[in-house]
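Following: one structure in structure tokens, then a few remarks.
What follows draws every value from the coordinates through simple rules; no lab data is involved. Computed from a prediction, not measured in an experiment: that's the story for all the values here. Because the Cβ atoms are built from the backbone with ideal geometry, glycine has one as well, and the counts that use them run over all protein chains shown.
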Amino acid sequence: MFHGEFESTLDDKGRVILPAKLRERIDEQRDGAGFYVTYGPDGCIELCTPAVWNRRVEVLRQAPFAREKARRFQRTMSSLTEPAEVDKQGRLRLSPNLINEAKIGKLVTLVGNFDIIEVWSRERWAEFKAQALQEYKNDAEQLFGPATGG
């Protein structure tokens, strides 16, 4: 499971260093090697281990093919996804297409989000986080019920 927030930079070749605290959470026997890199619906780049990616694909395959929204989502996600390997220096290359879609510049924030790692433009992450923190208590109550004090 991935968690935490880490600042990093994108080099001239579109590579980002994955912090050791995130890399050490990967078990290649359990998770597979490398990542599937895709565009996330919130405007970030998502890094999925092969095990997580395969679970997502199975869910997508269950969507009714006759529904236009299902076909559109499957097609878009598939076209914006590519495999990537982490090199010996802990770097992962992001495609120019994904960098452009996520509006990522040189400064990035990596966020551990349970079973995925998200790569955000530092500015977009700051905006998203500020808004999310304003709604944190209300979201918790709506999702899980009122606080019980325990």
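Given the structure, is TYR136 among the hydroxyl-bearing types (Ser, Thr, Tyr), surrounded by fewer than 14 Cβ atoms within 10 Å (Cβ to Cβ), out of contact with any His (no Cβ under 9 Å at 6 or more places or on another chain) and under 22 Å from MET1 (Cβ atoms)?
Yes; evaluated as a whole, the condition is true for this residue.
Out of all the residues in the stretch 111-133, which are loosely packed, with under 13 Cβ neighbours inside 10 Å and in contact with a Cys (Cβ under 9 Å, 6 or more places away or on another chain)?
None - no residue of the stretch 111-133 is loosely packed, with under 13 Cβ neighbours inside 10 Å and in contact with a Cys (Cβ under 9 Å, 6 or more places away or on another chain), so the list stays empty.
Would you check which residues across the stretch 84-105 are touching a helix residue (DSSP H, G or I) at 6+ places or on another chain (Cβ under 7 Å) and more than 22 Å from ALA33 (Cα to Cα) and list them?
Scanning the stretch 84-105 gives a single hit, LYS103.
Scan (1) within 20 Å of TRP125 (Cβ to Cβ); (2) touching a strand residue (DSSP E or B) at 6+ places or on another chain (Cβ under 7 Å) for the single condition GLY43 breaks and write down its number.
In the conditions (1) within 20 Å of TRP125 (Cβ to Cβ); (2) touching a strand residue (DSSP E or B) at 6+ places or on another chain (Cβ under 7 Å), GLY43 misses (2) alone.
Is it the case that VAL16 is over 13 Å from THR109 (Cβ atoms) and either in a loop (DSSP other than H, G, I, E, B) or not polar (S, T, N, Q) (or both)? I'd like the intermediate steps shown before the answer.
On the way: over 13 Å from THR109 (Cβ atoms): no; either in a loop (DSSP other than H, G, I, E, B) or not polar (S, T, N, Q) (or both): yes.
So VAL16 does not fit the description; no.
If you check ALA102 against the conditions, is it in contact with a Cys (Cβ under 6 Å, 6 or more places away or on another chain) and at negative phi?
yes
Is it the case that the stretch 39-49 has a residue that's in contact with a helix residue (DSSP H, G or I) (Cβ under 7 Å, 6 or more places away or on another chain) and aliphatic (A, V, I, L, M)?
Scanning the stretch 39-49 turns up at least one residue that is in contact with a helix residue (DSSP H, G or I) (Cβ under 7 Å, 6 or more places away or on another chain) and aliphatic (A, V, I, L, M).
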